[in-house]
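The values are calculated or read from the model by the stated rules, or taken from the named source; none is laboratory data. None of these values were measured; they are calculated from a predicted model. Here the Cβ positions follow ideal geometry from the backbone for every residue, glycine too, while neighbour counts run over all protein chains shown.
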Amino acid sequence: MRFYRLSSAPYESLRYTGEYNARRKWGLPGLQCPSCNVPYVGDSEVYPNVDLSGLPGAEQLEKAWLETDLERFKHLREMVRPLVPAGAPLVPGARFGPLVGSARGNFAQLHMLYADRVIIRRDALEQLQAEGLRGLKGGRTGLRFRQRNAPELIELEVEMLGLFHPDCLPPGKAEPCVTCGGYRFSLPEQPLLDKASLPGHLDVFRLRNFTNAIVITERFADTLRRLGFEEYSLRELPVR
Ligand SMILES: [Zn+2]
């Protein structure tokens with residue numbers, strides 16, 4: 001089985017005009033990490049389907065800030081944990097809830113201009129689900145259009161599973177920080193996936209040690225081509 005990184009087509013080549021301006025209601029603060037000695041704000045651990053509105057204390061998470069008190073950060077993280085999927089990393093900066101804001105223009109089947117968000121038209125999601133692809137968990141968005149004939153936009157909640165192989169990472173960077181859970185490396189020039197870490201039960205996932213990489217299987221890639229999806233790009237990621 002081959003694997004590909006799924007991204008948007010290059011910005012300058014886009015013909016669809018769709019754009020949106022939106023944010024999520026809740027998030028963990030960034031952390032001035034005492035182990036890393038620098039701030040850490042993960043920007044792509046997102047849970048569009050996690051609604052914190054019934055959680056006592058959740059209003060503390062409605063603003064963004066950089067926390068300097070590790071114990072307070074841990075307290076906030078544990079407050080959220082029962083509401084997220086088991087095993088969630090919950091790094092500083094993780095965000096929760098649907099995207100709420102405004103949208104306009106025409107949207108391609110998939111809109112991926114921002115690495116932490118996979119937006120898909122409802123009709124496109126239904127086409128992919130009908131093909132039997134695994135791991136397509138859609139969540140509603142609160143994106144409002146002013147125009148007529150607006151598409152319904154869904155956000156995929158993509159599980160964080162799978163890793164870049166240590167061989168493609170700088171020495172000593174393969175393990176996350178024990179305190180904040182962050183990984184500190186930039187996209188490897190010759191990325192390699194770690195075979196043992198890849199989920200066998202999903203056709204789409206987000207790498208746990210590089211959360212803005214959305215990875216799809218060959219099966220998913222073939223389906224996109226066959227159905228004529230537009231405005232995406234694929235880069236094969238070798239596996240070791
Ligand atoms: Zn750290």
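Selection of first residues in segment 214-233 that are in contact (Cβ under 8 Å) with a residue 24 or more places away in the chain and of second residues that are surrounded by fewer than 18 Cβ atoms within 10 Å (Cβ to Cβ) and among the charged types (D, E, K, R), restricted to Cβ pairs under 7 Å at least 6 apart or on distinct chains, gives the following pairs, ordered by first then second residue: E218/R2; T223/E131.
Across segment 199-227, the number of residues qualifying as closer than 25 Å to P92 by Cα and in contact with a strand residue (DSSP E or B) (Cβ under 7 Å, 6 or more places away or on another chain) comes to 12. Exactly one residue out of L169, L192, L156, L198 is touching a Lys or Arg at 6+ places or on another chain (Cβ under 9 Å), away from the ligand (no atom under 16 Å from the Cβ) and farther than 30 Å from R144 by Cα, and it is L192.
Which one is nearest to L90 (Cα to Cα) among residues in segment 132-163 that are in contact with a Leu (Cβ under 8 Å, 6 or more places away or on another chain) and charged (D, E, K, R)? Per the stated criteria, the residue is E159.
Within segment 215-232, not a single residue is in a loop (DSSP other than H, G, I, E, B), in contact with a Pro (Cβ under 6 Å, 6 or more places away or on another chain) and either buried (at least 16 other Cβ atoms within 10 Å of the Cβ) or at pLDDT 95 or above (or both). A Cβ distance below 9 Å, combined with a sequence gap of six or more or placement on separate chains, defines the contacts here; from segment 34-50, residues that are on the phi > 0 side of the Ramachandran plot reach no residue that is away from the ligand (no atom under 11 Å from the Cβ) and not basic (K, R).
From the list V84, V91, V41, the lone residue that is of a type in the set (V, I, T), surrounded by 13 or more Cβ atoms within 10 Å (Cβ to Cβ), more than 16 Å from the ligand (Cβ to nearest atom) and not assigned by TED's automatic domain parsing to the domain that holds T179 is V84. One residue stands out in segment 44-65 among those that are surrounded by 14 or more Cβ atoms within 10 Å (Cβ to Cβ) and either over 20 Å from P98 (Cα atoms) or among the charged types (D, E, K, R) (or both): the one that is nearest to the ligand (Cβ to nearest atom), namely E45. When L161 is tested against (1) among the hydrophobic types (A, V, I, L, M, F, W, C); (2) within 20 Å of V84 (Cα to Cα); (3) modelled with pLDDT of 95 or more; (4) surrounded by fewer than 21 Cβ atoms within 10 Å (Cβ to Cβ), just one condition goes unmet, and that condition is (3).
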